[in-house]
1. Quick check on the stretch 286-327: of everything there that is under 23 Å from Ala376 (Cα atoms) and without any contact (Cβ under 8 Å) to a residue 24 or more places away in the chain, which residue is surrounded by the fewest Cβ atoms within 10 Å (Cβ to Cβ)?
2. Select from the stretch 457-476 the residues that are modelled with pLDDT of 95 or more and in a helix (DSSP H, G or I) and write down the one among them that is surrounded by the fewest Cβ atoms within 10 Å (Cβ to Cβ).
3. On the basis of being among the basic types (Lys, Arg), at pLDDT 95 or above and in a helix (DSSP H, G or I), does Arg341 make the cut?
4. Among the residues of the stretch 506-552, write down those that are touching a residue at least 60 places away in the same chain (Cβ under 8 Å) and over 17 Å from Gln4 (Cβ atoms).
5. Inside the stretch 224-259, can you point out the residues that are farther than 12 Å from Leu40 by Cα and of a type in the set (D, E, K, R)?
6. Can you name every residue in the stretch 349-403 that is of a type in the set (Val, Ile, Thr), over 19 Å from Leu424 (Cβ atoms) and crowded, with 17+ Cβ neighbours inside 10 Å?
7. Among the residues of the stretch 528-573, write down those that are under 19 Å from Glu475 (Cβ atoms) and of a type in the set (Phe, Trp, Tyr).
8. Using the structure shown, decide if Val200 is among the β-branched types (Val, Ile, Thr), part of a loop (DSSP other than H, G, I, E, B) and more than 24 Å from Asp314 (Cβ to Cβ).
Amino acid sequence: MILQSRDVPPRAAFALEQAGVHPLLARLLAARGVRAADELDTHPARLLRPDALRGAAEAGRLLADTIAGGGRICVVADYDCDGATACAVALRGLAMLGARREHLHYVVPDRAVHGYGLTPAIVELAREKRPDLLVTVDNGIASLEGVAHARALGLAVLVTDHHLPAMDASGVVLPAADVIVNPNQPGCGFDSKALAGVGVVFYVLLAARAELRARGRFDAATQPRLESLLDLVALGTVADVVRLDANNRRLVGLGLARVRAGRMQPGVAALFAVARRAPERAASFDFGFALGPRINAAGRLADMTLGIECLLTDDTMRAAELAAQLDAINRERREVEAGMREAAEATVQRYGDTDTPPAVALFDPGFHEGVVGIVAGRLKDRLHRPTFAFACGADGALKGSGRSIPGFHLRDALDLVAKRHPGLLLRFGGHAMAAGCTLAAGGFETFEQALRAVAGEWLDAATLERRLAVDGPLEPQWFDAPTVALLDAQVWGQGFEAPVFCDEVQVVQQRLVGEKHTKLRLRHGSAVREAIWFGHADPVPERLRLAYRLSLDEWNGQQRVQMVVEAGLEATA
């Protein structure tokens, strides 16, 4: 583990502070690339324009034509939180734009039965709704066969997605859809390539609203207020762990502001309630670690229809019932995951401190297909290696999900494995940091060796060394509850990580709590602080170079600032 201090450009920090930004926050933001205070403006007018997104204007016209003609629209969703929120945003937004509710439908694949994306089987399922137009959300860019099947049946297809397109020997291959909207398609100059699927759908709705406004359906004063959907956009964006560039931070910031003000969908409010989180103090953390997992659990172990219906209903009682079901499924998911993690950890015990391969692949016949991605993520965090976990699918093929580390583009690695071993990967897709694939039965050992070979070529010793970016020491005057509140109010996430401070401390007292966590009392400068180190049960040396976050520990109505330890290295004399 290397604790690597972030560079703080002094001119940027000074300019932010002069513009009225809190001195500590100015330093933190400057270290993350913010150069001027106007970059922190979350007014909707500061969002990137939809006409810069390739295909959005055409999609707006297609949707406007379909709505005007009384056409039936079926949204083809995905079974994760991004797909669920994208589906809810699409259906709510289309209704706001004038589509008749009885003409709006959706289908969502069953992970174990249908696989991922717009497959021919999903097209047949959607046909039961008698649609004129299929709209994919958070999928479709690689659905060549499914789109072709839909078009052959006379259905129009609008693909909205953010994943990378398929490739063959000649390069990128796009589906033959009527319109494609994806910031990662060739020729798209949209400045935010990190839009989540729900963000793409939101931009398509903005374009459709602009088209309907141009046709005289309404004016700027009477147009539907699509910003009411931003709580869902923020939830899906954070839960999908896309990079929080400036535009995504604005989307999330606008969504958080609505939640804190109590202006959210009933399903979102119900999820906050079952997660025992306070909406008035909502933070990105709540979306990523409280609400998102409860929606994702439905797609992993049950049917994502539960999650989508929770986000669609306007009945608060119904929302509470569905949120309670999602909470119960999430508890079941945790139990399944715990058993799988034990099996996975037993498998990786064979790796010593120095012989862990550059990439790890695991397969266990007892693994659950819906939870392999979580297990891969946990092991990736522990081993700091690109990791894939596989389970047996209902069709006998091996279904895998992978998570990666900085410097190793997982989807591109799968593409290279597929080229080197034709026929090994039946399907694959994803992002740089997360991807999935399907292997033919019996192909695991070949895949494991092929992935290790690519990792051995692409990764060097420095990349394989775990690094934690830290923000330097925390001045004593900022160690208080208002500072914690200030930091919690900001939008942090992937690519714009929450602050982690670093100080040398002396351990005054340590004790084990809950069998696997260490409670610490530390001398921090002239003060004695409380700290908790989750998941760490080994004895702690007397002097530490400590990387930590700040949090508020609430007990019996009392608030106390504590350090939450991220890493600790023995301090050198």
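The values are calculated or read from the model by the stated rules, or taken from the named source; none is laboratory data. The structure presented is a predicted model; accordingly, all values stated were derived computationally and were not measured. When we count neighbours, we look across all protein chains shown, and the Cβ atoms used for this are built from the backbone with ideal geometry, even at glycine.
1. Only one residue fits best here, namely Phe289.
2. Glu457
3. Values: among the basic types (Lys, Arg): yes; at pLDDT 95 or above: no; in a helix (DSSP H, G or I): yes.
Against the criterion (among the basic types (Lys, Arg), at pLDDT 95 or above and in a helix (DSSP H, G or I)), Arg341 does not qualify.
4. Kept after step one, since they are touching a residue at least 60 places away in the same chain (Cβ under 8 Å), are these residues of the stretch 506-552: 545, 547, 550-552.
Scanning the stretch 506-552 gives Leu550, Ser551, Leu552.
5. Arg225, Glu227, Asp231, Asp240, Arg243, Arg258
6. Filtering the stretch 349-403 for residues of a type in the set (Val, Ile, Thr) gives 354, 356, 360, 371-372, 374-375, 387.
Restricting the remaining residues to those that are over 19 Å from Leu424 (Cβ atoms) gives 354, 356, 371, 374-375.
Those that are of a type in the set (Val, Ile, Thr), over 19 Å from Leu424 (Cβ atoms) and crowded, with 17+ Cβ neighbours inside 10 Å: Val371, Ile374, Val375.
7. Within the stretch 528-573, just Tyr548 meets the criteria.
8. Details: among the β-branched types (Val, Ile, Thr): yes; part of a loop (DSSP other than H, G, I, E, B): no; more than 24 Å from Asp314 (Cβ to Cβ): yes.
No; evaluated as a whole, the condition is false for this residue.
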